[in-house]
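Below: the structure, in structure tokens.
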């Protein structure tokens, strides 16, 4: 634990125990989403599915990166990860991104993907709102993750016909915003 | 439509096998089936059995996410039942 760092956050008026629980729940959401996206990606097949596979894969890898980036902050603030994988799954801040009944229904697949990203966008917006001007490190991390989650949402939203994302695909390395926390 | 007082709704806190109800704009919603309301708690900060109308103004989502859940009743206002207009 980073004792003084935790004290600074407490002195700024944040309930650190609540914040740590939120961070653990969001870390759980990232790792479980990484798992469920693995299944979704494997089932994105055929003429329509192949077109979505690449962005699903980028989102999957970046969600795992988000988990990796969150873990140090959880421990710095005196928290810890659950010891039981089932508990970890069950406390996730977002519902499981389960494979739809008909995996060949590309709209159903995209709906699962976009809803998972929208849950994440809400979650990190919430953490940013809680920590803005008070816990600079958690804010910086959450904002970096939020930037990537918003991009993921807009990619899947674009495929659903909700309007252009305005983005190009990633070129080269993943996690342009979060990578500074992974070095 | 069943008429609840806030005290009655407080019993539905999602704990010890109780259902999880929340109040939003005078209606009582059953959120028990939601993954995000396990054990009557939502995102660490919110509990079932209470009126979330004000809390939702600060939430990172709108009331539409609450309105997806089944309505199980309305809140009794002072002296009379609150009327709910039909769509």
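The values are calculated or read from the model by the stated rules, or taken from the named source; none is laboratory data. Computed from a predicted structure; not experimentally measured. Using ideal geometry, Cβ is built from the backbone for each residue, glycine included, and neighbour counts are taken over all protein chains shown.
Would you be able to say whether some residue in the range A:171-181 is surrounded by 18 or more Cβ atoms within 10 Å (Cβ to Cβ), in contact with a helix residue (DSSP H, G or I) (Cβ under 6 Å, 6 or more places away or on another chain), without any contact (Cβ under 8 Å) to a residue 40 or more places away in the chain and within 20 Å of residue B:36 (Cα to Cα)?
Taking every residue of the range A:171-181 in turn, none turns out to be surrounded by 18 or more Cβ atoms within 10 Å (Cβ to Cβ), in contact with a helix residue (DSSP H, G or I) (Cβ under 6 Å, 6 or more places away or on another chain), without any contact (Cβ under 8 Å) to a residue 40 or more places away in the chain and within 20 Å of residue B:36 (Cα to Cα).
Just to be sure, is residue A:19 away from chain B (no Cβ under 14 Å) and either at pLDDT 95 or above or not in a loop (DSSP other than H, G, I, E, B) (or both)?
no
Do you know which residues across the range A:40-92 are touching a helix residue (DSSP H, G or I) at 6+ places or on another chain (Cβ under 6 Å) and either part of a loop (DSSP other than H, G, I, E, B) or within 14 Å of another protein chain (Cβ to nearest Cβ) (or both)?
A:44, A:74, A:77, A:78, A:79, A:82, A:88, A:89, A:91, A:92
Quick one: residue A:126 ticks every box in (1) within 26 Å of residue A:144 (Cα to Cα); (2) modelled with pLDDT of 95 or more; (3) part of a helix (DSSP H, G or I); (4) more than 14 Å from chain B (Cβ to nearest Cβ) except a single one, so which number is it?
Every condition holds for residue A:126 apart from (4).
Step by step: first the residues of the range B:44-63, then only those that are more than 13 Å from the chain's Cα centre (by Cα) and exposed (fewer than 12 other Cβ atoms within 10 Å of the Cβ), then the one that is modelled with the lowest pLDDT. Which residue is that?
B:58
Just checking, how many residues over the range A:93-110 are within 14 Å of chain B (Cβ to nearest Cβ) and either in contact (Cβ under 8 Å) with a residue 40 or more places away in the chain or more than 30 Å from residue A:180 (Cα to Cα) (or both)?
Residues in the range A:93-110 being within 14 Å of chain B (Cβ to nearest Cβ) and either in contact (Cβ under 8 Å) with a residue 40 or more places away in the chain or more than 30 Å from residue A:180 (Cα to Cα) (or both): 5 in total.
Test residue A:117 against the stated conditions and say whether it is free of Cβ contacts under 8 Å to residues at least 40 places away in the same chain, part of a helix (DSSP H, G or I) and either closer than 17 Å to residue A:61 by Cα or in contact with a strand residue (DSSP E or B) (Cβ under 6 Å, 6 or more places away or on another chain) (or both).
No; evaluated as a whole, the condition is false for this residue.
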